[in-house]
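Before any comments, here is the structure.
The values are calculated or read from the model by the stated rules, or taken from the named source; none is laboratory data. A quick note: this is a predicted structure, and the numbers were derived from the prediction, not measured. A quick note on method: Cβ atoms are made from the backbone with ideal geometry, for glycine too, and the neighbour counts reach across all protein chains shown. When the accessible area is computed, the model is the full protein with side chains, heavy atoms only, and any ligands, DNA or RNA have been set aside. Shrake-Rupley method; radii C 1.70, N 1.55, O 1.52, S 1.80 Å.
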Amino acid sequence: MTTNQELAAWVKTVAALTQPDRIHWCDGSPEEHGRLIDEMLASGTLIKLNERTHPNCFLHRSDPSDVARVEHLTYICTQNEDDAGSNNNWMDPAEARAKMEQLFAGCMRGRTMYVIPYLMGPYGSPYARAGVEITDSPYVVANMRVMARIGKRSLEHIESGKTFVKGLHSIGDLNPDRRFIMHFPEELMIQSVGSGYGGNALLGKKCHALRIASWQARTEGWLAEHMLLLGIQDPDGHTSYVAAAFPSACGKTNLAMLSPPETMKGWKVWTVGDDIAWMHIGPDGRLWAINPEAGFFGVAPGTSLKTNANCMNTLGRDTIYTNVAMTPDGEPWWEGLDGERPAKLIDWQGRPYDPANGPAAHPNSRFTVAASQCPSYSDKANAPEGVPISAIIFGGRRSTVAPLVFEAMDWEHGVFAGAAVASETTAAAVGAVGQVRRDSMAMKPFCGYHFGDYWNHWLSFQTRTSKLPRVFHVNWFRKDENGKFMWPGYGENMRVLKWIVERCNGKAGAARTPIGFVPGPGDIDVSGLGIGEEVLRALLAIDHDVWEHETTDIAAYFASFGERVPAALKQQLARIRAEIDAQRAA
Ligand code: GTP
Ligand code: SPV
Ligand code: MN
């Protein structure tokens, strides 16, 4: 089925181990997709949604114990334990292989084994990378078809002699006790068993495009990041591109598709990507970014015409919904959708909705849809060279501490700000929600190696080019004493993006504080926003006592990574701490 000997031999070995009834090589064609959908409708894996209101849309209900990424079952298996870092779970590669071999043995009996050649990145891009996912889940095939570029052309890319990442996936028996997501970066290999959900199972996404790619990026001198990519067009028609890293379920998809408020005439946002960016220093010395993905696997709850019209207008057709609720008319539904809650609903587990069972849609329910359907999709999204990045934005979900926005003093300080990102945990991963944790560059669950080495890698860019982007930090999630968001967020975030673009062009004002440049109240355009001067002041305030505590916490965090933490980051921390102490004393 392929002229690539290495691929043919691997598929044969996997088939001998997993014992499938059939092997199907995916060509990515519409006919193949149609057949898979029919089979999944027949088996109950998919439910057809209302054809009139949602043409060609389907609902999948995952196993109730399999609804999010499992960070505690995700491992980096490097020869040297230290290389994985305390930011990862580590397992000895030989031990991991043996464990997985047992779990994979005979696991595809009675099932079809699908072989999915895929490309991450635009066809013809020097930055695109190939992989092959072997899976026994037709749902995974249907999702990979949207999220990556699968089939014939990708196989040809591999057959032209390019290296590829080997990903083996089986839903196994879906028992959480037999669920593992293993990464072998030294062998460009992924093995995943026991989950059919999102990042655990669509191996091109977090496993390849972040964990394996971040390892490759370090050795090859580029960056694989958990970042959205967007273009900001100003009223003169000039577009600047920014990359932004926020932790899971902290606003990347929403910012990537932002619709500017009525009052900001002439401003427009173009969507390049909503989750992952691969960035290389280009021939001109600037940082150029591609989106390795071809689709969006986005959070449904909270998505509405009011919060994200571009997203709603992307979702009308040809969409796979996972774990959302359904109306009696077969329309998808979730908390935060426009309009009233329908009187009768079927919840994400297929039961009549009862508030006693929690929300109707699972908080991590998602949609899978082709990026090309997005009305704001950038005409540069498939450019082989990518887009040139003017600003990098870090952010987190923090009800206190972090101001609405600040700009780092320079690259080194920007890397510090990224390393120090903290955020409240969300439903995107199994575990407690709402707990503040450090999530450096929003990569805590996704960096395939030691964070100390990762921060050093980030710092190394300043020795290789003088044209690095400016670095910013934002927080849309500050709350008041009543627990209400102080900043309206969503489309209104455009006001902050405008300040960022103007800072890059040397046009906007700011005050220097110990933690960076913070806009004064007059520097951000809040006309027509309806928030008071004092609220804006509070959103931009740097409380020295709070920040003293924050620096103590960051120091302890850095210390937990031992000797590989770059001296430059400790110096940044010491400088900030000294300035804060001086201001407290004053
Ligand atoms: P992943 O796909 O998990 O990586 O998430 P993401 O970073 O793309 O987050 P997404 O844009 O899907 O937003 C997650 C949740 O945060 C949704 O419920 C949104 O409605 C909500 N959200 C996004 N932006 C804002 C904002 O500016 N303000 C507030 N208050 N909520 C927001
Ligand atoms: C995330 O959790 O950051 C996601 C969803 O984007 S998943 O594909 O499950 O990783
Ligand atoms: Mn994500």
Taking every other residue with Cβ under 15 Å from the Cβ of residue 344 and scoring Lys and Arg +1, Asp and Glu -1, one gets -3
Amide H neighbours of residue 23 at under 5 Å, excluding residues fewer than 5 places away on the same chain, with H built from the backbone geometry, are 113
With +1 at each Lys and Arg Cβ and -1 at each Asp and Glu Cβ, the charge dipole magnitude of the range 1-81 around its Cα centre, to the nearest 20 debye, comes out at 180 debye
Computed about the Cα centre, the charge dipole of the chain from +1 Lys/Arg and -1 Asp/Glu charges at the Cβ has a magnitude in debye, to the nearest 20, of 420 debye
Everything considered on the Cα gyration tensor (a ≥ b ≥ c; rounded for a/c under 1.5, else prolate if a/b is larger than b/c, else oblate), the range 169-223 must be described as prolate
Contour minus Cα-Cα span, residue 479 to residue 586, at 0.36 nm per residue, comes to 35.7 nm
Share (percent) of C-alpha pair distances in the range 129-243 greater than 22 Å works out to 42 percent
Stretched fully, the stretch from residue 549 through residue 101 gains (0.36 nm per residue minus C-alpha distance, one decimal, in nm) 156.5 nm
For the range 505-582, averaging the sequence separation of alpha carbon pairs under 8 Å that lie six or more residues apart and dividing by its residue count, the contact order in percent is 29 percent
Result row for the chain, helices from DSSP H with C-alpha axial extent 24 Å or more and mean Kyte hydropathy at least -0.5, is 567-585
dims of the range 7-119, Cα set, principal axes, largest to smallest, nearest Å -> 55, 33, 27
The relative contact order of the chain, taking Cα pairs under 8 Å that sit 6 or more residues apart, comes to a percentage of 15 percent
Under 5 Å from the placed amide H of residue 436, counting only residues 5+ away or on other chains, we find 425
In deg cm²/dmol, rounded to the nearest 500, the helical mean residue ellipticity at 222 nm of the chain, built from -39500 (n - 2.57) for every DSSP H run of length 4 or more, is -8000 deg cm²/dmol
Using the Cα gyration tensor of the chain, the equivalent ellipsoid's semi-axes, largest first and to the nearest Å, work out to 38, 28, 23
Once all protein chains are kept in place, residue 307 shows an accessible area at probe 1.4 Å, nearest 10 Å², of 30 Å²
For the pair residue 1 and residue 31, the simple spin-label estimate (label points 7 Å beyond Cα toward Cβ) gives in nm 1.7 nm
Excluding ligands, DNA and RNA, the carbon-plus-sulfur percentage of the accessible area of the chain with a 1.4 Å probe reads 50 percent
For residue 333, other-chain or 5+-apart residues with amide H closer than 5 Å (H placed, Pro excluded) are 325, 326, 327
Fraction of alpha-carbon pairs in the range 295-373 farther than 20 Å apart, rounded to whole percent, equals 25 percent
Ranked output for segments 14-26, 486-498 by mean other Cβ atoms within 10 Å, highest leading, reads 486-498, 14-26
The range 374-424 and the range 275-349 have their Cα centres apart by a whole-number Å value of 20 Å
Subtracting the Cα-Cα distance of residue 21 and residue 56 from 0.36 nm times their residue separation yields 9.7 nm
Distance in Å, no decimals, from the C-alpha centre of the range 112-146 to the one of the range 42-94 is 15 Å
Using alpha carbon centers only, the range 472-535 is separated from the range 185-264 by a whole-angstrom value of 24 Å
Measure of exposure for residue 33: accessible area at 1.4 Å probe, Å² rounded to 10, is 40 Å²
Computed over the range 105-165, the distribution of all Cα-Cα distances in 5 Å bins, rounded to whole %, is 4, 19, 28, 21, 13, 10, 3, 2, 0
Binned at 5 Å from zero, the C-alpha pair distances of the range 465-512 give percents of 5, 16, 22, 19, 18, 11, 6, 3, 1, 0
